[in-house]
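Engineer: Supplied in structure tokens, the structure appears directly below.
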Amino acid sequence: MQFDRFASDYEQVLDRTVAASGEDSAYFAAYKARYLKKVLPASFSGKALDFGCGVGLLSRFLKAYLPAIRLDGFDVSRDSIGKVDDDLRSQGHFTSSAEDLDHDYELIVVANVMHHILPCQREGVVQDLTGRLAPRGILAFFEHNPANPITRCVVERCPFDADAILLSPAEMAGYLGRAKLRLMRRDYIVFMPRFLASLRPLEPWLAWLPMGAQYAVLAEKHARQ
Ligand SMILES: C[S@@+](CC[C@H](N)C(=O)[O-])C[C@H]1O[C@@H](n2cnc3c(N)ncnc32)[C@H](O)[C@@H]1O
């Protein structure tokens, strides 16, 4: 609920926090949506959930890059949900009530949310989200990479990351394995600041290198789970 305090200026606060990269908050949101478009099947459609959607920054890009999905959003911060665009609301539910959510999502995206959840509660959240996936549905996490010193520095300076406890891909993989999800891929992402933008086409070849600012982990629910 601490994000209620940032609902009115979430994007501006984030813009300032990431300014050293030469990019803004929209760049990082678009990056994640573009990544998903690239790794998901070209025909991907169906119901999707942006879990921890905040004010809907990433949701806007998810809908733009994956136009065939119907996108719902959930966040514990009611004030943030109150800021979500009318366009997004007209095509899906954006809510702070877990009861409004479905149990047959083809895709659930959880971007930079887990580090705000206490470690002792994370496994329960992953189990709950697994229960909200359709058979063969995909859970996609994006997280800050704790192995990257610049990322740790940015998190320390970010006003809304005061409660953040970063988690490694290995910790994430443990939750997914215990939820009986099939690990599909783990990629490190976001390597080049703007002044090295000409090298960004190389980033997909660096996905194995644990120095990306963030990482993505995708896992699939079994057909009969
Ligand atoms: C850093 S913001 C990320 C927002 C959005 N996912 C994005 O990438 O722009 C983290 C969000 O997670 C939400 N959050 C924290 N704990 C949560 C929980 N247990 N369930 C759902 N949302 C949560 C916060 O309210 C906040 O809006």
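Taken together, the values in this text are just the output of simple stated rules run on the coordinates, not laboratory data. Bear in mind the structure is a predicted one, so any value in this text is a computation, not a measurement. No Cβ is skipped: glycine too gets one built from the backbone with ideal geometry, and neighbour counts run over all protein chains shown.
Engineer: Counting only other residues whose beta carbon sits under 9 Å from that of Asp102, what net charge do I get with K and R as +1, D and E as -1?
Structural biologist: After counting each charged neighbour, the total is -1.
Engineer: If N is the number of residues in segment 21-82, what value comes out of its Cα radius of gyration divided by 2.2 N^0.38 Å?
Structural biologist: 1.15
Engineer: Compute the distance in nm between two label points, each set 7 Å from the Cα along the Cα-to-Cβ direction, one at Ala19 and one at Phe44.
Structural biologist: A separation of 3.4 nm, rounded to one decimal place.
Engineer: Give the separation of the Cα centroids, segment 1-47 to segment 157-197, in Å.
Structural biologist: Spelled out, the Cα-based centre of one part sits 14 Å from the other.
Engineer: About its Cα centre, what dipole magnitude does segment 28-183 give when the only charges are +1 on Lys and Arg Cβ and -1 on Asp and Glu Cβ, stated in debye to the nearest 20?
Structural biologist: It works out to roughly 640 debye.
Engineer: Can you return the lysines within cross-link range of Lys180? Criterion is Cα-Cα under 22 Å, with same-chain partners fewer than 8 residues away left out.
Structural biologist: The reachable lysines, counting only those whose Cα sits under 22 Å from Lys180, are Lys47, Lys221.
Engineer: When only Cα pairs under 8 Å and 6 or more residues apart are kept, what is the percent relative contact order across the chain?
Structural biologist: Relative contact order for the chain comes out at 19 percent.
Engineer: Once you mark the trypsin sites (Lys or Arg not before Pro) that are in a DSSP loop and have at most 15 other Cβ atoms within 10 Å, what is the longest gap between them in the chain?
Structural biologist: 1-179
Engineer: With a cut-off of 8 Å between alpha carbons and a minimum separation of six or more residues, what is the relative contact order of segment 46-92 in percent?
Structural biologist: 45 percent
Engineer: Kirkwood hydrodynamic radius of the chain from all distinct Cα pairs, in Å?
Structural biologist: 17.6 Å
Engineer: What order do you get for 17-27, 49-59 when each peptide is scored by the mean count of other beta carbon atoms within 10 Å, highest first?
Structural biologist: Put in order of decreasing packing, that is 49-59, 17-27.
Engineer: Another question, if that's okay. Ala207 to Asp4: FRET efficiency via 1/(1 + (r/R0)^6), r the Cβ-Cβ distance, R0 45 Å, to the nearest 0.05?
Structural biologist: 0.80
Engineer: Which shape class applies to segment 154-199: rounded if a/c is under 1.5, otherwise prolate when a/b exceeds b/c and oblate if not, where a ≥ b ≥ c are the square roots of the Cα gyration tensor eigenvalues?
Structural biologist: Because a/c hits 1.5 or more and a/b fails to exceed b/c, segment 154-199 counts as oblate.
Engineer: May I ask you to work out the translational diffusion coefficient for segment 98-225 at 25 °C, viscosity 0.890 mPa s, via Stokes-Einstein with Rh from the Kirkwood sum over Cα pairs, reported in whole µm²/s?
Structural biologist: This corresponds to a translational diffusion coefficient of 158 µm²/s.
Engineer: What percent of all Cα-Cα pairs in segment 1-43 falls into each 10 Å bin, going from 0 up to the bin containing the maximum distance?
Structural biologist: Histogramming segment 1-43 at 10 Å steps yields 25, 36, 27, 11 percent.
Engineer: Charges at C-beta only: +1 for Lys and Arg, -1 for Asp and Glu. How large is the resulting dipole of segment 102-225 about its Cα centre, in Debye rounded to 20?
Structural biologist: With Lys and Arg at +1 and Asp and Glu at -1, about 340 debye.
Engineer: Let me ask another. Farthest toward the dipole's positive end in the chain, which of His93, Ser43, Gly124, given Cβ charges of +1 (Lys, Arg) and -1 (Asp, Glu) about the Cα centre?
Structural biologist: The listed residue farthest towards the positive side: Ser43.
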